[in-house]
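Quick notes on the structure that follows.
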Amino acid sequence: MSSPTLHPSIPAEALIRRARLQATLQGLEIRGGSLEPPPLQALRGYLASREEPDLDRLMATITEGHFEEEAGELLRASRRDSGHSALMRDFASRLLPLAEKAKQRREMHWQLDTRRQSVRFQFSKVGPACSFDEGDLHAIFLLSFRLEGLLVELDLAKRPRPQLGAGLPLPAGVGGLAESLDVVFRREPEEAPPALMVRLNHRLPEGLRIHQWEVLPAYASPLSDLALRSHWLWCIPHELRNHLEKRVATFLEATVWPWVRGSSKTDASLDLRRLIQEMRWEQDALCFTTRMENFQAINPLKVLGAILDLEPVGILGLVRTQVDLKVDPRLGQAERFEPKLKNMYEDAVLLGGGSNIILVDEDDDEPTILG
């Protein structure tokens, strides 16, 4: 991997991490052929090269496949200053209005679209993958899905983004044995989940492995609403054991343990005795449990450093072994979350020949009359 170009406004560490991520993404592409739809492959190729694209042909293939929104998202996500940037600006001026129109059509039929599929993955993040943070994992999984032909559905925001995210993120430097990732696919995959997981695990970099695929209804609660506790394990270096045993004993005997999260003394403090629900020794490992709920954004390395009087960067090998989730209350109340727009179609059928309901699609020259 070549050394990143130094930039006075970006820390060297950030540049190194960016270069490592780029090398990882390039590695995903060479692990096997791409199954991404050809129009999107062509666009990605143009964005990564200095070849001048045939814009008319590219536009035609994108619109024929109804990939306007995905192509628009790729354009927005691309920050490369290509040699044909003027051409790309021309392409964007033609494509983005079509992408907006496609989004409007999608909004109209959102609740009736049964082709989408929501999936919750459980995966492990160990070894060399521990250096990835949440943003890195988002980019790695998104590209892996795309290369395996699994298009991720976009949300309905002003600037649509792929519906993919880790509900309980881990910082760089921390591993996880049972991490979760929620994703919404544009279409239900034709291949069975076991075969898809084999392909995805072959594609993913060392240290990232998917080991569970759970299909969820669209109305399932996000992970952030269900998390109760995180269980952690840190294998203690032998030379630190005596010192850390004393610090742990002092912490457990205390009734309060204030910790200022920010760098300023004016920042509000957090009582770590409320956050840490359990802390114990198991042979050479320190095990502890943290409350989730309103504490999900707290860096466990900083928490452990504040308790043990250690620099967070010196805590290596911390792993989240498990996350306790409460039962999703939405799963038992399906009737409350079923689409309501379908009633319009059901009523039209019940009315038989007397219906005068007219549905108009902006792209059709003629209205569709039910009944």
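Across region 125-141, computed HN-Hα scalar couplings (Karplus, 6.51 cos²θ - 1.76 cosθ + 1.60, θ = phi - 60°) run 10, 9, x, x, 6, 4, 6, 7, 9, 4, x, 4, 5, 4, 5, 5, 5 Hz from first to last residue, x flagging Gly and Pro. Against the empirical 2.2 N^0.38 Å (N residues), region 28-158 has a Cα radius of gyration ratio of 1.16. Coupling constants for region 16-30 follow from the phi torsions by the Karplus curve (6.51 cos²θ - 1.76 cosθ + 1.60, θ = phi - 60°), and in residue order they are 5, 5, 5, 5, 5, 5, 4, 5, 5, 5, 5, x, 4, 6, 8 Hz; glycine and proline get x.
Annotation: amide H-H contacts under 5 Å for R261 (H modelled 1.01 Å from N, sequence separation of 5 or more, or interchain): L270.
To make sure I understand, if each residue's beta carbon is the centre and we count other beta carbons within 10 Å, what order do Y46, Y219 fall in, fewest to most?
On the way: Y46 22, Y219 15.
If I rank by nearby Cβ atoms, fewest first, I get Y219, Y46.
Its relative contact order, with pairs defined as Cα atoms under 8 Å and 6+ residues apart, puts region 31-108 at 34 percent.
Label-to-label distance for A249 and M108 is 7.3 nm, based on points extended 7 Å past Cα in the beta-carbon direction. Can you give me the Kirkwood hydrodynamic radius for region 227-325, using every pair of distinct Cα atoms, in Å to one decimal? Kirkwood radius, region 227-325: 14.0 Å. Sequentially through region 302-318, phi angles give Karplus couplings (6.51, -1.76, 1.60; θ = phi - 60°) of 5, 5, 5, x, 5, 7, 9, 6, 10, 6, x, 5, x, 8, 10, x, 5 Hz, Gly and Pro residues having no value and appearing as x.
Around the amide H of F132, modelled in the peptide plane, lie the amide H atoms of G173, all under 5 Å away and 5 or more residues distant in sequence or on another chain. When you restrict to C-alpha pairs under 8 Å that are six or more residues apart and normalise by the size of region 67-159, the relative contact order lands at 33 percent.
Would you kindly state how much longer the chain becomes between D225 and A285 on full extension, computed as 0.36 nm times their sequence separation minus their alpha carbon distance, in nm to one decimal?
Values: separation 60, 0.36 × 60 = 21.60 nm, distance 2.98 nm.
Extra length available between D225 and A285 comes to 18.6 nm.
Inverting the pair-averaged 1/r between distinct Cα atoms of region 93-236 gives 16.6 Å as its Kirkwood hydrodynamic radius. Between region 200-220 and region 14-75, the C-alpha centres lie 22 angstrom from each other. Dividing the mean sequence gap of close Cα pairs (under 8 Å, 6+ apart) by how many residues region 227-325 holds gives a relative contact order of 44 percent.
Quick one: go through region 93-108 and flag any residue whose amide nitrogen is under 14 Å from the point 7 Å out along the Cα-to-Cβ line of L55. Answer for this model: 93-98.
How high is the FRET efficiency from D324 to E188, r the C-beta distance, R0 25 Å, rounded to 0.05? Calculated value: 0.25.
Coordinate-derived values only; no laboratory data. Every value quoted in this text rests on a predicted model; they were computed, and no experiment measured them. Cβ sites come from the backbone with ideal geometry, for glycine too, and all protein chains shown count toward neighbours.
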